[in-house]
Amino acid sequence: MELTIGSSVLELVQGDVTQQDTEAIVNAANRSLLGGGGVDGAIHRAAGPELLAECRTLGGCETGNAVITRGYRLKAEYVIHTVGPVYRGSNPRTERLLESAYKRSMEVARAKGIRSVAFPSISTGVYGYPLKEAAPVALRTVAKFLREHPEIERVCFVLRSERALRAFEEALGKVDLAE
Ligand code: ADP
């Protein structure tokens with residue numbers, strides 16, 4: 001599924017974010033940046049040990065923030081590591097932190113002159129954010145950024161499961177992307 005936002009494209013696909021050939025892929029990291037399970041583990045395995053070595057030099061990342069490293073053995077030149085919130089029930093603060101994780105990732109990409117970015121669904125694995133609540137936040141935040149910053153030409157959400165893809169497709173049909 002694909003949507004045009006100004007001169008940019010927002011895309012939803014089912015797949016593995018580690019395999020994307022966008023200039024940057026985003027990692028759903030934890031605050032230590034020292035590796036974990038889920039998509040973080042998969043990215044570190046695919047990128048090789050040099051990625052962890054560079055992460056060690058960064059001193060962690062706050063929830064809602066993002067930092068960038070090289071991509072090493074990945075097709076993507078860069079990895080943007082962002083830390084989403086742990087979900088403990090729906091509340092505005094948690095939602096703001098999820099929004100911030102997407103927004104800061106886009107800002108970091110833009111600051112590097114990156115034109116294409118692939119995201120996994122942040123916080124919806126081990127961190128427990130329900131897909132139905134997370135998908136509209138992800139889409140709204142990225143769509144708003146693309147409208148304001150057309151230098152980023154393509155953003156692809158790469159959803160691991162069919163269920164996640166469906167949740168994002170449904171959200172895309174519902175959220176007001178002109179907000
Ligand atoms: P978090 O700790 O932010 O919840 P997880 O890595 O546990 O991060 O999960 C985030 C989302 O990424 C989940 O929806 C999970 O299904 C998905 N995921 C796991 N592996 C991959 C992958 N290789 N590519 C894309 N998405 C993935």
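Rule-based calculations on the coordinates, nothing more; no lab input. Predicted model, so just to flag it, every value in this text is computed and none were measured. All Cβ positions, even for glycine, are placed from backbone atoms using ideal geometry, and neighbour counts span all protein chains on display.
Summary of values
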item	result
Those residues of the stretch 156-179 which are among the charged types (D, E, K, R), farther than 23 Å from Gly41 by Cβ, free of Cβ contacts under 8 Å to residues at least 40 places away in the same chain and not in a loop (DSSP other than H, G, I, E, B), in sequence order	Arg166, Glu170, Lys174
Tabulated pairs, the stretch 44-62, first under 18 Å from Ala24 (Cβ atoms), second among the aromatic types (Phe, Trp, Tyr) and surrounded by 15 or more Cβ atoms within 10 Å (Cβ to Cβ), C-beta under 9 angstrom, 6+ apart or interchain	Ala46/Tyr72; Ala47/Tyr72; Gly48/Tyr72; Glu50/Tyr72; Leu51/Tyr72; Glu54/Tyr72
Matching residues in the stretch 1-26 - criterion: being within 14 Å of Tyr78 (Cβ to Cβ) and free of Cβ contacts under 8 Å to residues at least 60 places away in the same chain	Thr18, Asp21
Among (1) away from the ligand (no atom under 16 Å from the Cβ); (2) touching a Phe, Trp or Tyr at 6+ places or on another chain (Cβ under 6 Å) - the single one Arg93 does not satisfy	(2)
Of all residues making up the stretch 108-132, the number that are under 20 Å from Ala24 (Cα atoms) and among the hydroxyl-bearing types (Ser, Thr, Tyr)	3
Residues of the stretch 135-155 that turn out to be touching a residue at least 40 places away in the same chain (Cβ under 8 Å) and either near the ligand (Cβ under 9 Å from one of its atoms) or more than 13 Å from Met106 (Cβ to Cβ) (or both), as a count	1
Total residues in the stretch 109-133, condition within 25 Å of Gly36 (Cα to Cα) and without any contact (Cβ under 8 Å) to a residue 40 or more places away in the chain	2
Members of the stretch 55-97 that are closer than 22 Å to Gly113 by Cβ and among the small types (Gly, Ala, Ser)	Ala66, Gly71, Ala76
Only one of Glu62, Glu95 that is within 25 Å of Pro136 (Cβ to Cβ) and surrounded by 14 or more Cβ atoms within 10 Å (Cβ to Cβ)	Glu95
The stretch 73-89: number of residues that are of a type outside the set (Asp, Glu) and away from the ligand (no atom under 16 Å from the Cβ)	1
Inter-residue pairs, beta-carbon under 7 Å, first in contact (Cβ under 8 Å) with a residue 40 or more places away in the chain and in the stretch 72-100, second of a type in the set (Lys, Arg) and within 12 Å of the ligand (Cβ to nearest atom), 6+ apart	Val83/Arg31
Candidate set from the stretch 28-45 (those that are among the aliphatic types (A, V, I, L, M) and buried (at least 17 other Cβ atoms within 10 Å of the Cβ)); member that is farthest from the ligand (Cβ to nearest atom)	Leu33
Top-ranked residue in the stretch 103-122 [being in contact with a helix residue (DSSP H, G or I) (Cβ under 6 Å, 6 or more places away or on another chain) and within 12 Å of the ligand (Cβ to nearest atom); ranked as nearest to Phe145 (Cα to Cα)]	Ala118
